[in-house]
Structure formats: C-alpha cells, structure tokens
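What follows is one structure encoded as structure tokens, with my remarks underneath.
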Amino acid sequence: MRGGFNGWGTTHPLRHRGGGVYQADVLVAPGNHGFKLGSADWGREWTAAAATPRAPVAAGATVPLATHAGPEATLFVRSTATYRFTLDASRPAAPTLRVERLAVPSGTAAIDPHAGHARVATLSYPTFDGKRESARFRCWTPKPSCAPTCTRRP
C-alpha cells in the first residue's frame, strides 16, 4: 500500500491472509489521499478500474481492480482512523479492493507523511477569478529548479 498517507513508501505492505487475500491496516489522517497497490519495485501494479482517473474509493465499498499501471485512486477521510485495505486476488482475472474504516484507539496519532523532510517549498499560482493561491509542501532533496523557493525548516 502506497499513498499520500505514508509518503508513498513501503511501510504498509499487504500481508497474505490465505486464499489469495491480502490486507494492510493503515492509520490515515484527515484529507484526500491518493494511493495505489504495487510491488516494492512497481513491477506489478493494481489500480481502481473506474471510468474516471483518480476515482474516489468509498469506505465500505468493493471496487474492481485493473492489473496494470494507471492513475491513482483516492480516499477522502474526515477524521483520523485506521483503514483496512483488502486486496482479493483469489480470482486473478478479477481482483477487487475493499477499504473499511476500523475503530481508532484513543490517543493514537496519525503518521505525518512529511516528517523528516528537510526543506519547504511554496508555489504560487493564479486562480480562475483573478486571485492568487499558494501551496506549501516539503521536499526530500530540492532540485536546482526548486532552490529559489525552498528554505530550511525552522
């Protein structure tokens, strides 16, 4: 399981539960998180087989998966919770994904996917109504083109 909720890392591997079923439980913070299922080297990838790119996956729903590279799916979360991602590959020609919200242990904090990033970048862009918006994000290693906008974290 890789997505915005874990910095697109491999910290939440799907564990085999038998019979072609794999699961990962992930603590997810509020927000809209893109995600994909894939092998550690991205040699195999499963994407939500939806009519539109970046299709939202609703908690509690089962969605068919495509077994090729494609756009990420999204999961919108209103409050911090643990979500169970279940890949059912028992029928290889028709794998599915189910995402379920589980209970949250009290006092549990979600993983900060930006923790450890050394630099902060800010991008500014015009909006349709003539105003300007900006977005801040953290970078692992700024590229030369990022250098003018990246600053050390306080």
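Bear in mind that the values in this text are calculations on the coordinates, not laboratory data. Treat the numbers as computed from the prediction; the structure is a model and nothing was measured. Here the Cβ is made from the backbone with ideal geometry for all residues, glycine too, and neighbour counts use every protein chain on show.
Label-to-label distance, A93 versus T80, with points set 7 angstrom from Cα along the beta-carbon direction: 4.6 nm. Where a ≥ b ≥ c are the square roots of the eigenvalues of the C-alpha gyration tensor, would you call segment 1-66 rounded, which needs a/c under 1.5, or, failing that, prolate if a/b is larger than b/c, or oblate? The shape class here is rounded. The Cβ shell under 11 Å around G3 holds other residues with a net charge of +1, Lys and Arg each +1, Asp and Glu each -1. Summing charges over neighbours of R17, with a neighbour being any other residue whose Cβ is under 12 Å away from its Cβ, gives 0 when K and R count +1 and D and E count -1. Taking a ≥ b ≥ c as the square roots of the eigenvalues of the Cα gyration tensor of segment 28-94, is the shape rounded (a/c under 1.5), prolate (a/b larger than b/c) or oblate? Note, shape of segment 28-94 comes out prolate.
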